[in-house]
Amino acid sequence: MQSNRVVVVGAGVGGLTSALLLAARGCDVTVVERADHPGGKMREVLVGGSAIDAGPTVFTMRWVFDEILDSVGRNLDEFVKLAPVETLARHAWTDRGHLDLFADTARSADAIGKFAGAAEARGYLAFCTAARQTYVALERTFLTATQPSMTGLVGRLGFTGLRNFTHTNPMATMWSELGRYFADPRLRQLFGRYATYVGSSPFEAPSTLMLIAHVEQNGVWLVEGGMHRVAVALAGIATSFGAKFRYGAHVSGIATNAGGAASGVVLATGERIDADAVVFNGDANALALGLAGQGASRALGAHARSARSLSAVTFAMRARSVGFPLIRHSVFFSRDYEREFADLFSAGRMPADPTVYICAQDRDDHGLVSAAPGEPERLFCLINAPANGGGRSGHPQQNWIEPEEMDRCRERMANRLAACGLALTTDPSTIVTTTPSGFEALFPGTGGAIYGMASHGWMASFKRPHSRTSMTGLYLAGGSVHPGAGVPMAALSGRLAADSVLQDLTSQSRSRRAATPGGMSTGSATTASTRSR
């Protein structure tokens, strides 16, 4: 019996998850990826002969990957080596000390008490309780729901769950809600930064994003060899189940049949790959802009062209650091957080005083360095930027990406680090820089936005596209669709897309059998069981 054919467009985490699950359940899967490697935004770049993670740097919610691999008879630990961290991140505002947060809530409370006083420590513990309640309320009712809605969420929560959920004031902005727990503006700034994990402003994002704090307290891991190893592992597992990968393959359009349903993809070379279903793992906005054909551009309906999330300017480098004691994850906060986000979202320009994130990839969470003594270490530096990357996204490129503006951007970053006591020395030839226009080139249709749509307003989470589109046979996965941005969320979206594909193909197969005299099937059916290993 011939297997159902599925084409997955894009080898990001969402696409890899869909490909793995569909191939494991008997589908004939082909993954087409315009880059020459898997991973999408979970990419690495070579700097002076060293590989540096230049995308996501934090691995959380490992239960997502445990569940996905367990469902196909595999174990995550067989493919990647993970080490739990004790110190989540180090935070600084000036050169007069810093604040560490820990996976252990009690240790964090103690550190906050010493840093900002006993009242702030009590506020932190209350905040943790609220973050946990929010996470518990949304984990199974929203994050893993195929088509979430406010009505459905209320129904699934029940009375007790709804009471706990509304106690956290989900309709408030994150910034205003943080004011209930912290009087110290530095702590509001620290925990407000969780909004940027999904490319949003804490002054406009809903308070429900506080659940990210609980996610980190529930476990952060370091991946041996870097985050890109996760993508390589997922691709390898998918291949073991028979999925085929075609790299350097640029999809120019979604093919349709006479009934208007997706029937495959057309490559830029003119080659057509036929399929019974297509999973699109590019940014949903690329579909809305017609980058995969006009038929597909109408498949998103009201979800098309939503407000963009943040972009970034990133510097992957080999450098020597002097002064501030870096650990794996360090954050250096701007003096005026509100002005920083007004610059980014209201004015659409680089902030005059940016917050800087540094992932020191040769250090562990205690600051121990694995690089040879005296050798430069691998650093990934990121500052937030507006999604004004140009391309066909309808937003013009901004002057700040010109060489002289990039010089100012580097100067502002250096000034912020110096204010916190850190100096970096490096050879300019050993820096790989990516700007919003660079992200647009890598991920067309985004304008450089790297988190999909901005999560602004308490209903924003319900406005993301879902796995099914209005075009029969076309499905979505990735950080621009439900349940949102981030590595585990993208993996969840891939699982939801695979589930939707399997459900629909099975339903179609049953309909064909029912329409055939004698009930005999003339079409193909999805194999429900996992392939033999």
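Structure summary
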read-out: The lone exception for Gly295 - which of (1) at pLDDT 95 or above; (2) surrounded by fewer than 20 Cβ atoms within 10 Å (Cβ to Cβ); (3) more than 27 Å from Leu76 (Cβ to Cβ); (4) touching a strand residue (DSSP E or B) at 6+ places or on another chain (Cβ under 6 Å) it fails; value: (1)
read-out: Hey, Thr60 of a type in the set (S, T, N, Q) and closer than 26 Å to Ile450 by Cβ or not; value: yes
read-out: Only one of Ala286, Ala312, Ala255 that is closer than 30 Å to Arg349 by Cβ and in a strand (DSSP E or B); value: Ala312
read-out: Search result, residues across region 104-132 that are outside any helix (DSSP H, G or I) and in contact with a strand residue (DSSP E or B) (Cβ under 6 Å, 6 or more places away or on another chain); value: none
read-out: Residue, farthest from Met413 (Cα to Cα), within region 89-143, restricted to residues that are under 22 Å from the mean Cα position of the chain (by Cα) and among the polar types (S, T, N, Q); value: Thr141
read-out: Of residues in region 29-44 being under 19 Å from the mean Cα position of the chain (by Cα) and surrounded by 24 or more Cβ atoms within 10 Å (Cβ to Cβ), the one nearest to Arg318 (Cα to Cα); value: Met42
read-out: Any hit, region 406-418, residues being modelled with pLDDT under 95, assigned to a loop (DSSP other than H, G, I, E, B) and either of a type outside the set (A, V, I, L, M) or in the same structural domain as Asp53 (by TED's automatic domain parsing) (or both); value: no
read-out: Among the candidates Leu222, Leu209, residue that is hydrophobic (A, V, I, L, M, F, W, C) and touching a Phe, Trp or Tyr at 6+ places or on another chain (Cβ under 6 Å); value: Leu209
read-out: Breaking point among (1) modelled with pLDDT under 95; (2) over 25 Å from Asn218 (Cβ atoms), for Pro483; value: (2)
read-out: The lone exception for Ala51 - which of (1) part of a loop (DSSP other than H, G, I, E, B); (2) under 22 Å from the mean Cα position of the chain (by Cα) it fails; value: (1)
read-out: Residue under evaluation Gly26, criteria (1) assigned to a loop (DSSP other than H, G, I, E, B); (2) within 23 Å of the chain's Cα centre (by Cα); (3) surrounded by 21 or more Cβ atoms within 10 Å (Cβ to Cβ), criterion not met; value: (2)
read-out: Some residue of region 60-82 being touching a Cys at 6+ places or on another chain (Cβ under 9 Å), outside the structural domain of Val232 (by TED's automatic domain parsing) and either within 27 Å of Leu368 (Cα to Cα) or in a helix (DSSP H, G or I) (or both); value: no
read-out: Qualifying residue in region 323-341 (condition: outside any helix (DSSP H, G or I), farther than 21 Å from Leu190 by Cβ and of a type in the set (A, V, I, L, M)); value: no
read-out: Residue within region 458-475 that is at pLDDT below 90, of a type in the set (Ser, Thr, Tyr) and farther than 30 Å from Val47 by Cα present; value: yes
read-out: Filtered residues of region 467-520 (kept if of a type in the set (Ser, Thr, Tyr), in a helix (DSSP H, G or I) and surrounded by fewer than 24 Cβ atoms within 10 Å (Cβ to Cβ)); value: Ser500, Thr506, Ser507, Ser509, Ser511
read-out: Test: residue in region 111-120 that is without any contact (Cβ under 8 Å) to a residue 60 or more places away in the chain, among the aliphatic types (A, V, I, L, M) and closer than 21 Å to Arg328 by Cα; value: yes
read-out: Total residues in region 175-225, condition part of a loop (DSSP other than H, G, I, E, B) and either closer than 27 Å to Gly447 by Cα or among the aromatic types (Phe, Trp, Tyr) (or both); value: 9
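Matching residues to (1) surrounded by 15 or more Cβ atoms within 10 Å (Cβ to Cβ); (2) over 22 Å from Asp407 (Cα atoms); (3) not hydroxyl-bearing (Ser, Thr, Tyr); (4) not assigned by TED's automatic domain parsing to the domain that holds Leu190:
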residue: Leu326; (1), (2), (3), (4): yes, yes, yes, yes
residue: Ser334; (1), (2), (3), (4): yes, no, no, yes
residue: Glu340; (1), (2), (3), (4): yes, no, yes, yes
residue: Met350; (1), (2), (3), (4): yes, no, yes, yes
residue: Pro354; (1), (2), (3), (4): yes, no, yes, yes
residue: Ile358; (1), (2), (3), (4): yes, no, yes, yes
residue: Asp364; (1), (2), (3), (4): yes, yes, yes, yes
residue: Arg378; (1), (2), (3), (4): yes, no, yes, yes
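The values are calculated or read from the model by the stated rules, or taken from the named source; none is laboratory data. What you see is a predicted model; the values in this text were computed from it and never measured. Every residue, glycine as well, gets a Cβ built from its backbone with ideal geometry; the counts of neighbours run over all protein chains shown.
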